[in-house]
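First comes the structure, then the notes that go with it.
The values are calculated or read from the model by the stated rules, or taken from the named source; none is laboratory data. These figures come from a predicted structure and were not determined experimentally. Cβ: placed from backbone, ideal geometry, glycine included. Neighbour counts: every protein chain shown. Only protein heavy atoms, including side chains, enter the accessible area calculation; ligands, DNA and RNA are left aside. Shrake-Rupley method; radii C 1.70, N 1.55, O 1.52, S 1.80 Å.
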Amino acid sequence: MDIAIVKYNAGNIYSVVNALKRMGIEPILTDNPELLTKADKVLFPGQGEASSAMAYLRERKLDNVIRDLRQPVLGICVGQQLMCRHSEEGDADCIGIFPMDVKRFSPIRHEDKIPQMGWNSIYNLKSPLFNGRNRVNDNDFVYFVHSFYVPLNEEYTIATADFTLPYSAAIHKDNFYATQFHPEKSGTVGARILQNFIDL
């Protein structure tokens, strides 16, 4: 099975490479449209700034390549946000797979430190990502680092987390899945989610 990871100007991609290697998978890290299109599964991870990431993707026409993929695709962190319609980060028009707009967290209490950084629980899980052969349970903890979030959406939200307000910890549409959290940094729970994605 060929597993491809989208190579672009975002950080944290190598932690996903290493997580897959720990699972016995040798992924292909590439920005080659043909290799991405031919892969059995594609991961679109990243940490970074939305507008500069979109400029890089558009320059190489990778935004169109990602939008047209037909195999299972998993966006992670900024990857999830870039799969949405628009981001408040840099007022960026994004890939537009999900008809949702990415918002900036606004602190409500003094103790609300932005970015959200660390472990948080997820709940209302509804997807093969969580109920595949490697089950993930409501209120399991995963690792987040983010200042922006995707609002809840009845049609697309498949996991919820709370930080200043409830928001989409994961979303799904057709062959596209995405998590705001980092499964590659989320210990055994994250490994189960990655394996469930590989099993799709």
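Counting charges near PHE98 (Lys, Arg +1; Asp, Glu -1) among other residues having Cβ under 9 Å from its Cβ returns a value of +2. Computing FRET efficiency as 1/(1 + (r/R0)^6) for GLU155 and ILE25, where r is the C-beta to C-beta distance and R0 is 22 Å, gives about 0.10. Counting only GluC sites (Glu not before Pro) that DSSP places in a loop and that have at most 13 other Cβ atoms within 10 Å, the longest clean stretch of the chain runs over 1-110.
Modelled label positions at GLU34 and TYR56, each set 7 Å beyond Cα in the direction of Cβ, lie 2.4 nm from each other. With a/c under 1.5 counting as rounded, go ahead and sort the stretch 1-47 into rounded, prolate or oblate using the C-alpha gyration tensor (a ≥ b ≥ c being the square roots of the eigenvalues; past the cut-off, prolate if a/b is larger than b/c, else oblate). Oblate, because a/c is 1.5 or more while a/b does not exceed b/c.
Distant-in-sequence amide contacts of GLY96, defined by a placed amide H-H separation under 5 Å and a gap of 5 or more residues or a different chain, comprise CYS84, ARG85. Where [x] 1.20; [y] 1.16; [z] 0.94 are the candidate values, the label of the one calculated here for Cα Rg over 2.2 N^0.38 Å is [z].
Sorting the segments 19-26, 157-164 by their mean number of nearby beta carbons within 10 angstrom, highest to lowest, gives 157-164, 19-26. By the helix-only formula, in which each DSSP H run with n ≥ 4 contributes -39500 (n - 2.57) and the sum is divided by residues, the chain has a 222 nm mean residue ellipticity of -7000 deg cm²/dmol. In order along the stretch 147-157, the Karplus-derived 3J(HN,Hα) couplings, from 6.51 cos²θ - 1.76 cosθ + 1.60 at θ = phi - 60°, round to 10, 10, 9, 9, x, 5, 9, 4, 7, 10, 5 Hz, and Gly and Pro are given as x. Each residue of the stretch 80-92 was assigned a 3J(HN,Hα) from its phi angle through the Karplus expression (A = 6.51, B = -1.76, C = 1.60, θ = phi - 60°), giving 4, 5, 5, 6, 7, 7, 7, 10, 5, 6, x, 6, 9 Hz with x at Gly and Pro.
Extension gain, ARG85 to ASP112: 0.36 nm times the residue separation minus the Cα-Cα distance gives 7.0 nm. Could you work out what % of the accessible surface of the stretch 76-148 is carbon and sulfur, using a 1.4 angstrom probe and leaving DNA, RNA and ligands out of the count? Whole-percent figure for carbon plus sulfur exposure: 46. Sequentially through the stretch 67-74, phi angles give Karplus couplings (6.51, -1.76, 1.60; θ = phi - 60°) of 4, 8, 5, 10, 8, x, 10, 10 Hz, Gly and Pro residues having no value and appearing as x.
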